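The structure under discussion appears below in the form of structure tokens.
The values are calculated or read from the model by the stated rules, or taken from the named source; none is laboratory data. Please read all numbers here as calculations on a predicted model, not as lab measurements. Cβ placement follows ideal geometry from the backbone for every residue including glycine, while neighbour counts extend to all protein chains displayed.
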Amino acid sequence: LAKTTQPISMDSYEGQEVNITCSHNNIATNDYITWYQQFPSQGPRFIIQGYKTKVTNEVASLFIPADRKSSTLSLPRVSLSDTAVYYCLVGDTGSGNTGKLIFGQGTTLQVKP
Amino acid sequence: GAVVSQHPSRVICKSGTSVKIECRSLDFQATTMFWYRQFPKQSLMLMATSNEGSKATYEQGVEKDKFLINHASLTLSTLTVTSAHPEDSSFYICSARAPGQGLDTEAFFGQGTRLTVV
């Protein structure tokens, strides 16, 4: 499973756009990129997933360059409730894979008023 | 969306006793579930993969005799922490994917169980 590297922490203010970049230099052809959000004392929650280019849903956008060695999670106009830990994961869609996810250190986002 | 539920959400036990944590997939059948452990201010660490009807697969360094996993049905996996000690105090989280779906779909996580061993 590909290793990911993210900034340990980031600070932002309410209403700003936040971009968190994840490095995954050893990503494999079959790997998808998935981001999860975790609040204290809760299980992680799925945010967004992509394979290449750009993916957007109601809460975030995911930008993936052509070489797929990095990805950027973009959170538009954050609020205090977006304060959480954000994890970037890459995983293999191969038929022999068990589907397990290996979490890196994550990025602690602190949104200030 | 699919829901994974854990029970209990919090448990306090005495050192030397055993504690069972349940993980249920509420609206789908999960042939595979995963158990994670998370210490304060740290990331989730995968402990084991729970396979319905067969033995669990443990990650390196995880004691299989201490952390007993049973996946007796397609909707229930249990993790039993045997002879618990204070160092086993942690946040335990399970997850599952609906069967037939690869990694291009989301995994669903339980709300976690806070275990405190006194």
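Within segment B:22-36, which residues are within 11 Å of chain A (Cβ to nearest Cβ) and under 24 Å from A:W35 (Cβ atoms)?
Those that are within 11 Å of chain A (Cβ to nearest Cβ) and under 24 Å from A:W35 (Cβ atoms): B:C23, B:A30, B:T32, B:M33, B:F34, B:W35, B:Y36.
If you take the residues in segment A:56-79 that are under 26 Å from B:G110 (Cβ atoms) and free of Cβ contacts under 8 Å to residues at least 12 places away in the same chain, which one is surrounded by the most Cβ atoms within 10 Å (Cβ to Cβ)?
Once the filter is applied, the top-ranked residue is A:N57.
Being over 16 Å from the mean Cα position of the chain (by Cα), modelled with pLDDT of 95 or more and not polar (S, T, N, Q) narrows it down to one residue among A:A66, A:A60, A:A84; which is it?
Answer to the check: A:A66.
Would you please list the contacts, defined by Cβ atoms under 7 Å and residues six or more apart or on different chains, that run from a residue in segment B:70-97 that is in contact (Cβ under 8 Å) with a residue 60 or more places away in the chain to a residue that is charged (D, E, K, R) and assigned to a strand (DSSP E or B)?
B:T80/B:K20; B:Y92/B:R37
Applying the selection to segment B:78-108, what residues are hydroxyl-bearing (S, T, Y) and either at pLDDT below 90 or within 22 Å of A:Q38 (Cα to Cα) (or both)?
B:S89, B:S90, B:Y92, B:S95, B:T105 - these are the residues of segment B:78-108 that are hydroxyl-bearing (S, T, Y) and either at pLDDT below 90 or within 22 Å of A:Q38 (Cα to Cα) (or both).
For A:I27, indicate whether it is over 26 Å from B:H7 (Cα atoms) and either under 15 Å from the mean Cα position of the chain (by Cα) or more than 9 Å from every other protein chain (Cβ to nearest Cβ) (or both).
yes
Considering only residues that are more than 11 Å from chain A (Cβ to nearest Cβ) and buried (at least 16 other Cβ atoms within 10 Å of the Cβ), which ones fall in segment B:1-21?
B:V11, B:C13, B:V19, B:I21
Has segment B:79-92 got at least one residue that is at the interface with chain A (Cβ under 9 Å from one of its Cβ atoms) and on the phi > 0 side of the Ramachandran plot?
no
One residue is enough: does segment B:106-117 have a residue meeting the conditions of a type in the set (V, I, T), within 13 Å of chain A (Cβ to nearest Cβ) and within 29 Å of A:Q49 (Cα to Cα)?
For segment B:106-117, residues of a type in the set (V, I, T), within 13 Å of chain A (Cβ to nearest Cβ) and within 29 Å of A:Q49 (Cα to Cα): present.
Please work out which one of (1) at positive phi; (2) charged (D, E, K, R); (3) crowded, with 23+ Cβ neighbours inside 10 Å is the condition B:K41 fails and give its number.
Answer for B:K41: the failing condition is (3).
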